[in-house]
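All of the numbers you see were taken from the coordinates with simple rules; none came from a lab. Every value quoted in this text rests on a predicted model; they were computed, and no experiment measured them. Please note: Cβ atoms are built from the backbone with ideal geometry, for glycine as well, and neighbour counts cover all protein chains shown.
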Amino acid sequence: MFMYKPPGRPCTVALLAAAPAALALVTVATVQTFAQGREQRPPAFTQKQVERGKSIYQRNCQDCHGSTLDNGEFGGAPLKGSYFRQHWGSGDVSALFGYVNTLMPPDRPGQLTAQSYVDLTAFLLSNNGYAAGSEELTDDQDSQRKMTMKK
């Protein structure tokens, strides 16, 4: 059956038919966003990882970033304090780990072991006010994405 629709006016029948689907999409998106928000937690790493990370840092990073993580000889970016917070503080651990794992050290990026990069990340987190606990940080990106660095 043909229905006349005046130009410039939306078809009420079409809008009414689409409304339940639109409501369902909004509801699902809201529930997913809420569920993702609930999964966020502080970074998890151990003091042993921090200690191993410190040793790795001293051997591989200290020349550029300095003994205090912000006083390097060769212009490496500060790895603590306001610079660190501005660059990493609103993200999750996977972003920091991914950057370090892929691009550092600059003369041999990605050449350390996965565990070394994990321990180095734990060291950086510890030096920026995140607390060590009983759960080890791993190189699992899904797990790291749930670890927010927002304070």
Test result for G91, closer than 26 Å to S143 by Cβ and surrounded by 13 or more Cβ atoms within 10 Å (Cβ to Cβ) = yes
If you check L137, L124, L120, L112, which single one turns out to be of a type outside the set (G, A, S), within 17 Å of the chain's Cα centre (by Cα), assigned to a loop (DSSP other than H, G, I, E, B) and surrounded by 12 or more Cβ atoms within 10 Å (Cβ to Cβ)?
-> L137
List pairs: first in segment 77-101 and part of a loop (DSSP other than H, G, I, E, B), second among the β-branched types (V, I, T) and surrounded by 15 or more Cβ atoms within 10 Å (Cβ to Cβ), Cβ under 9 Å, 6+ apart or cross-chain?
-> S90/T148; G91/T148
Just one of the numbered conditions (1) surrounded by fewer than 19 Cβ atoms within 10 Å (Cβ to Cβ); (2) among the hydroxyl-bearing types (S, T, Y); (3) touching a Lys or Arg at 6+ places or on another chain (Cβ under 7 Å) is not true of S143; which one?
-> (3)
